[in-house]
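These notes are about the structure you will find just below.
The values are calculated or read from the model by the stated rules, or taken from the named source; none is laboratory data. Quick caveat: nothing in here was measured; it's all calculated off a predicted structure. All Cβ positions, even for glycine, are placed from backbone atoms using ideal geometry, and neighbour counts span all protein chains on display. Remember, those area values only see protein heavy atoms, side chains included, never the ligands or the DNA or RNA. Shrake-Rupley method; radii C 1.70, N 1.55, O 1.52, S 1.80 Å.
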Amino acid sequence: MPEQSLKEKTAKGLLWGGISNSVQQLLNLAFGIVLARILDASDYGMVGMLAIFTAIAGTLQDSGFSTAIVNKKEVSHKDYNAVFWFSFLTGTTMYVILFFSAPLIAAYYRQPDLIPLARYTFLGFVVSSTATAHSAYLFRNLMVKQKAISQIPALILSGTAGILMAYNGMSYWGIATQSLIYIVVINASFWYFSPWRPTFELDFRPLKEMFGFSSKVLLTNIFVQTNNNIFSAIIGRLFRPKDVGFYSQANKWNTMGASLISGMMNSVAQPILSQLKDNDNRQQAVFRKMLRFTSYLSFPAMFGLALIAPEFIELTIGTKWLPCVPMLQTLCVWGAFFPITTLCSNLIISKGKSDIYMWNTIATGIFQVIAAILVYRQGIYYMILTYACINIVWLLVWHHFVKKEIGLSLWNAIKDTFPFAGTAFISMATAYTITLAISSLWLLLAVKTAIAAFLYVGIMHLLHSKIQQETLNYLFKRKKS
């Protein structure tokens, strides 16, 4: 592929990924604020208890075949068709199993009301299983714009429905319905934008070729989802639904911030890096540029969210949610590093080393579960703090494998990330110190944000940051065009 074509595809993918994730997070922000003002922590806790089951079942229905399709050099109709029918049959089977397992789930949490809620929420498995192949088609062909357009109506319709139900006293049913409608609309949109259509040929032989790769991705994704949701499961068992709600709220805002950057990179990283997997030098150059761009956005965004968390939470969703602020601030520190971990894992997968991805993720998960069990008596906050520290330190392990694959030294990786992390920290610390005397919450939020943003961009300008300059040049060029 010509260099200019690759650069243009990457830039367009990042642009549309950025637009998509920005609009998504703004809509999630608006709907999340309204819902949080109507509902309480216990309502969020009820839905949060089911998160781990929803995530793992969703991973099983995909089974890593979507990732395997992206990594294949040539893909045929039979490949997509096999993935479609496998996903649909697995999703339907998972729903039946979990439908009859709902009483056991409710017994584990000691919450009988979870039985009907679980059976209703899990309907999403069946719906989402019908568009796994279509989503893989859009992803493989870098149809980021089409995926972005699909998400907007899904968010608007689902968010509106959730708010209306919550306003009319249907509490956590509104949250569950919001999720279900989102899945229905976005999967219908994937069908609309993807030209591929399934046929009634139940031939699963193409899956055998992909199974060696996809099985490792599947096992890895199960551990990823377990890692991401294990606290909700542990807290739901050991603490009150209200505690799960506070954690869920903190994790939701952190995830919105971190996924804004990681989602943008995910839209292009694996397809682009896969195209360069036979040229380590070019792949390293592209990876380092992605690493700098990710760091340029991630550290100020997440450190900034931690900075304004007290005012943001109180002004948007009310004082009743203030107990989640320390949790949110701690998660934000880890959230600043999360997109870098995601980028490293994309590189590992692009090299066809799904086994490395698998074992690395499994090891992280085991450490997190052991740590959570050891410190839970100290309280939820210390569980979250331990979780964040393990994941940040584990970046060194990820780097070890990145270095092994493309020869990127630790020193060069630090040079690519530290200037952005250090500048973001200095900017936030300065903004915090300068605004200590301000008592008005609205003024405090505005001044903190303005000072931190001005300092960060200004220092990057003084340091002659190429990433900042290239980003601004591209955006202004697009605007002129």
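Here is how the numbers come out for the structure above:
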quantity	calculated
Any hit, region 406-420, residues being touching a residue at least 60 places away in the same chain (Cβ under 8 Å) and at positive phi	yes
Flag for Ser5 being at pLDDT 70 or above and over 29 Å from Leu117 (Cβ atoms)	no
Qualifying residue in region 405-423 (condition: closer than 30 Å to Ser440 by Cβ and either touching a strand residue (DSSP E or B) at 6+ places or on another chain (Cβ under 7 Å) or at pLDDT 90 or above (or both))	yes
Set Leu328, Leu343: member being open to solvent by less than 10 Å² (accessible area, probe 1.4 Å), touching a residue at least 60 places away in the same chain (Cβ under 8 Å) and within 19 Å of His400 (Cβ to Cβ)	Leu343
Test: residue in region 448-469 that is farther than 22 Å from Phe299 by Cα and either at pLDDT below 85 or exposed (fewer than 12 other Cβ atoms within 10 Å of the Cβ) (or both)	no
Residue among Ser22, Ser66 that is modelled with pLDDT under 75, part of a helix (DSSP H, G or I), closer than 22 Å to Ser259 by Cβ and open to solvent by 40 Å² or more (accessible area, probe 1.4 Å)	Ser22
Residue check for Gln270: at pLDDT below 90, crowded, with 21+ Cβ neighbours inside 10 Å and not hydrophobic (A, V, I, L, M, F, W, C)	yes
Top-ranked residue of region 161-176 - restricted to ones that are free of Cβ contacts under 8 Å to residues at least 24 places away in the same chain and part of a helix (DSSP H, G or I), ranked as most open to solvent (accessible area, probe 1.4 Å)	Leu164
Test: residue in region 108-116 that is in contact (Cβ under 8 Å) with a residue 60 or more places away in the chain, within 16 Å of Asn81 (Cβ to Cβ) and in contact with a Gly (Cβ under 8 Å, 6 or more places away or on another chain)	no
Evaluation of Ala30 against (1) modelled with pLDDT of 75 or more; (2) more than 21 Å from Ala309 (Cβ to Cβ); (3) open to solvent by 20 Å² or more (accessible area, probe 1.4 Å) (one fails), failing number	(2)
Any hit, region 135-149, residues being polar (S, T, N, Q), within 30 Å of Lys242 (Cβ to Cβ) and open to solvent by less than 50 Å² (accessible area, probe 1.4 Å)	no
Filter result for the condition that a residue is open to solvent by less than 30 Å² (accessible area, probe 1.4 Å), part of a helix (DSSP H, G or I) and at pLDDT 75 or above, over Val47, Val83	Val83
Residues that are open to solvent by 90 Å² or more (accessible area, probe 1.4 Å) and either part of a helix (DSSP H, G or I) or modelled with pLDDT of 95 or more (or both), drawn from region 433-442	Ile434, Trp442
